[in-house]
Amino acid sequence: MENIELKRFWEQIKEELISTLPENVHPWIYPLEVSGYDKGVLTVVTGQMMGRDLLRRNHYEQMNQALQKVSGEKNARFVIIYDENAAKTLKKETEKIQKKISEKNLKEMAMENLSNMQSSSNLNLKYKFENFVVGENNEFAYKVAKAVAENPATKYNPLFIYGNSGLGKTHLMQAIGHYTIFNNPKLRVKYTKTDDYVNDYISNSRKTNNNIENMSKFNRKYTNIDIILIDDIQFIESKMKTMEDFFSTFEALYTNNKQIVIASDRLPKDIPTLDNRLRTRFEMGLVVDIVPPDYETRFEIVKAYAQELEVEADDDVFEYVAENFVNNVRELKGAFNKISAYAEFSGTGLTLDLAKRVLNCEAKKKEITVSTIAQKVADYFDLTVKDLKSTARQQKIAHARHVAVYLAREVLQMSYEAIGEFFSKKHTTIMYSCDLVADKLKTDEDLKISIEEIKASLRN
Ligand code: ADP
Ligand code: MG
């Protein structure tokens, strides 16, 4: 028989075998290779000794019947040979298939991890190491974060990142998560905002009435993890039970050599609600800061961002934005978003002229400083700036002072130290004011309105 003819002949027989033999035998049939057909004898080769024996012992007659049916030869029969070379080829192929399967599993795990992470944390897939612009201001934090992503729980554990709002702490943390789920999908990563953790904890204890079994389910959610990313730890509440639980979660992860990364807008020692034991633990790891970027880095950030958005603009536009948004990368990017949206709607290109018109930075720059804020707040509450700077403790003055401090922080992104200098207060007092106002704002509608009105007056 010609080779091709033989192959076709064998395919037909194989089909017959598959349709007549039970399914559990199929894995022994597929690897059979045909080697010849002569005088009613069909020789097939297999690399599986066990397959040969099993087929010979239990299915020989059925196989012969299939052969006879297809060939039309009454006495046709099989000869099944075991061949070592065939075995080797088979082994290689099996390995290839297994590798493919495990790669597929890894990918699936990554996707699963990804969706878990996204759903539990609003993971922002835009936050990657690749689109984090490195400058002097953040270089150390970046390098350490990268090292943690590449080799979790080896050197820097826990890692504590601190810096003012809008400087890239969340971006770096999520980049660690992002890196892990794509490069090390076997590891379980969890990103949690501290207030989400606290709310989750409180609602869970309420729901379960502190039922031990359910609470331990809750604990597992936070300890059954290889890398935990805890954002904005300054929002931790000092409520005994929450802190106790948080501490034991931390301890469980730490003693099991899991990576812990924490972000905060201030140092552990400046978080008044933080339990002392946790403070000590945090300080024992590596503490790194991110400060506002210099001009060159700001320029690179805007430029890279434009590329990401696929918006074209000349360098003078990037220069203008970089010159005018100095303390906060979120605002820097926000400003660029705004002008690119204007450019798109107006149908004109993104020119320096348009940027100037839309952002109107000159006018703003002239107006808002900490002293304008203090003046506007004093006017609003019918006080003087001197009152705000004084040590007077009357409720009205204290309240106005808290608001002024809060606005200086929020509008100008000033450091606690710099605000403290202006108001002649310690930085811890300034922090206290900021936290107090932020906390009250959650429920106090009047305060919200006051702040909006003062902000509006700042713009005029
Ligand atoms: P934080 O958590 O410190 O308040 P985020 O990480 O949320 O700040 O950063 C605010 C915005 O600024 C995000 O859009 C982030 O992508 C961007 N950002 C911050 N630093 C950088 C950087 N170095 N390169 C690129 N984008 C940055
Ligand atoms: Mg953040």
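We did not get these values from a lab; they are worked out from the coordinates using the rules stated. The model shown is predicted, which means the values in this text are computed figures rather than measured ones. Every residue, glycine as well, gets a Cβ built from its backbone with ideal geometry; the counts of neighbours run over all protein chains shown.
Here's the yes/no breakdown for (1) outside any helix (DSSP H, G or I); (2) away from ligand 1 (no atom under 16 Å from the Cβ); (3) surrounded by 23 or more Cβ atoms within 10 Å (Cβ to Cβ):
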residue	(1), (2), (3)
T170	no, no, no
P185	yes, yes, no
V198	no, yes, no
I202	no, yes, no
S216	no, yes, no
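In region 292-326, which residue that is touching a Ser or Thr at 6+ places or on another chain (Cβ under 9 Å) and not in a helix (DSSP H, G or I) is farthest from ligand 1 (Cβ to nearest atom)?
Result: D314.
Got at least one residue in region 261-284 being crowded, with 18+ Cβ neighbours inside 10 Å, within 16 Å of ligand 2 (Cβ to nearest atom) and assigned to a helix (DSSP H, G or I)?
no
Yes or no, residue by residue, for (1) within 23 Å of N224 (Cβ to Cβ); (2) away from ligand 2 (no atom under 16 Å from the Cβ); (3) among the acidic types (D, E):
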site: A147; (1), (2), (3): no, yes, no
site: K155; (1), (2), (3): no, yes, no
site: I181; (1), (2), (3): yes, yes, no
site: K193; (1), (2), (3): yes, no, no
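Would you check if A404 is more than 26 Å from R266 (Cα to Cα) and surrounded by 18 or more Cβ atoms within 10 Å (Cβ to Cβ)?
When the stated conditions are applied, A404 does not pass them.
Take the residues in region 436-452 that are in contact (Cβ under 8 Å) with a residue 12 or more places away in the chain and over 17 Å from F381 (Cα atoms); name whichever of them is surrounded by the fewest Cβ atoms within 10 Å (Cβ to Cβ).
A438
If you check every pair at least six apart or on different chains, which have Cβ atoms under 9 Å apart with a residue in region 160-179 that is over 13 Å from A141 (Cα atoms) first and a residue that is β-branched (V, I, T) and near ligand 1 (Cβ under 8 Å from one of its atoms) second?
Short answer, once both residue conditions are applied: N164/I290; G166/V329.
Among the residues of region 1-13, write down those that are of a type outside the set (K, R) and either touching a Lys or Arg at 6+ places or on another chain (Cβ under 6 Å) or part of a helix (DSSP H, G or I) (or both).
Residues satisfying the conditions are N3, I4, E5, L6, F9, W10, E11, Q12, I13.
Suppose we filter region 127-168 for residues that are buried (at least 18 other Cβ atoms within 10 Å of the Cβ) and part of a helix (DSSP H, G or I); how many remain?
Going through region 127-168 one residue at a time, the tally reaches 6.
Does F246 meet the test of being among the aromatic types (F, W, Y), outside any strand (DSSP E or B) and within 29 Å of A335 (Cβ to Cβ)?
So F246 fails the test.
On the phi < 0 side of the Ramachandran plot and under 51 Å from the mean Cα position of the chain (by Cα), is that true of H59?
So H59 does not fit the description; no.
For region 408-422, state whether one or more residues are in a helix (DSSP H, G or I), in contact with a Leu (Cβ under 6 Å, 6 or more places away or on another chain) and basic (K, R).
no
Filter region 144-166 down to residues that are touching a strand residue (DSSP E or B) at 6+ places or on another chain (Cβ under 9 Å) and within 29 Å of A418 (Cβ to Cβ), then give me how many there are.
Adding up the residues that qualify gives 8.
Do any residues in region 293-319 that are farther than 12 Å from K333 by Cα and acidic (D, E) have Cβ atoms under 7 Å from those of residues that are in a loop (DSSP other than H, G, I, E, B) and within 12 Å of ligand 1 (Cβ to nearest atom), where the two are at least six apart or on different chains, and which pairs are they?
Correct list of pairs: D294/G135; D294/E136; D294/N137; E296/G135.
So which pairs qualify, if the first residue must be in region 390-405 and farther than 13 Å from A374 by Cα, the second must be in a helix (DSSP H, G or I), the Cβ gap must be under 8 Å, and the two must be at least 6 apart or on different chains?
Once the first residue is farther than 13 Å from A374 by Cα and sits in region 390-405, its partners that are in a helix (DSSP H, G or I) give A392/A398.
Just give me the residues in region 161-207 being among the aromatic types (F, W, Y) and either closer than 26 Å to K241 by Cβ or touching a Ser or Thr at 6+ places or on another chain (Cβ under 7 Å) (or both), in sequence order.
Y162, Y191, Y197, Y201
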